[in-house]
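Step one of this worksheet: look at the structure below.
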Amino acid sequence: MKTLVVFYSRSGTTKRVAQDLAETLGAEVDEVIDKKSRKGILGILMAGYDATRGKTTEIEFTKDPSGYDLVIIGSPTWNRRVTPAIRTYLLQNREKIKAAAFFATCMGNSGKCLDQMEALYGDKALLKKTLVKKELEKGIKELQEELKALMAT
């Protein structure tokens with residue numbers, strides 16, 4: 001099964017999860033770059049505001065998801081919602097994704113993030129998983145095992 005792990009990460013947590021997944025699953029990786037600056041206190045505040053308002057943003061990515069059997073998409077949770085970068089990615093690519101699995105990284109509760117990702121995709125995800133930062137190692141291992149089982153079927 002040809003697999004692509006797509007992610008957006010502001011702080012590096014979601015990037016780490018995505019890279020660990022790709023390495024374990026033998027998948028390719030594609031980082032979504034948000035062209036809007038999300039740095040500093042103002043950037044963080046605007047990020048939460050944009051996520052809450054359901055805003056999109058200008059993004060860059062390199063791989064065409066239509067060439068993969070499974071696309072695993074990861075997003076941090078901002079104000080319990082999906083990031084504008086992943087919102088935009090899903091809106092631009094939902095017709096190209098054959099099968100999807102989603103994960104969200106968060107400090108405690110992913111809120112609406114995973115459900116929003118699924119709604120933006122427009123179809124049922126094969127797997128949805130929240131990874132809480134304080135239990136990140138455990139969450140990564142669980143997600144790896146769940147995805148391996150999914151790919152074996």
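The values are calculated or read from the model by the stated rules, or taken from the named source; none is laboratory data. This one's a predicted model, so the numbers in the text were calculated from it and none came from an experiment. As a convention, Cβ positions derive from the backbone with ideal geometry for all residues, glycine included, and neighbour counts pool all protein chains shown. Protein only, heavy atoms only, side chains kept; ligands, DNA and RNA dropped before computing areas. Shrake-Rupley method; radii C 1.70, N 1.55, O 1.52, S 1.80 Å.
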Can you find even one residue in the range 101-113 that is hydrophobic (A, V, I, L, M, F, W, C), within 18 Å of Glu31 (Cβ to Cβ), surrounded by fewer than 24 Cβ atoms within 10 Å (Cβ to Cβ) and in contact with a strand residue (DSSP E or B) (Cβ under 9 Å, 6 or more places away or on another chain)?
yes
Against the definition (open to solvent by 70 Å² or more (accessible area, probe 1.4 Å), touching a residue at least 60 places away in the same chain (Cβ under 8 Å) and either assigned to a helix (DSSP H, G or I) or polar (S, T, N, Q) (or both)), how does Ser11 come out, yes or no?
yes
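Let's see how each residue does on (1) modelled with pLDDT of 95 or more; (2) of a type outside the set (Phe, Trp, Tyr); (3) assigned to a helix (DSSP H, G or I):
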residue	(1), (2), (3)
Val6	yes, yes, no
Thr24	no, yes, yes
Ser37	no, yes, no
Gly54	no, yes, no
Thr57	no, yes, no
Ser66	yes, yes, yes
Ile72	yes, yes, no
Thr77	no, yes, no
Glu95	yes, yes, no
If we scan the range 83-92, do we find a residue that is open to solvent by 80 Å² or more (accessible area, probe 1.4 Å), modelled with pLDDT of 95 or more and outside any strand (DSSP E or B)?
yes
Residue check for Gly40: of a type outside the set (Lys, Arg), at positive phi and surrounded by fewer than 21 Cβ atoms within 10 Å (Cβ to Cβ)
yes
Take the residues in the range 118-134 that are part of a helix (DSSP H, G or I) and closer than 15 Å to Gly108 by Cα; name whichever of them is most open to solvent (accessible area, probe 1.4 Å).
Lys134
Quick check on my filter: what residues within the range 135-146 are surrounded by fewer than 17 Cβ atoms within 10 Å (Cβ to Cβ) and in contact (Cβ under 8 Å) with a residue 12 or more places away in the chain?
Leu136, Glu142, Gln144, Glu146
Does the range 21-43 hold any residues that are among the basic types (Lys, Arg) and closer than 17 Å to Arg87 by Cβ, and which are they?
Lys35, Lys36, Arg38
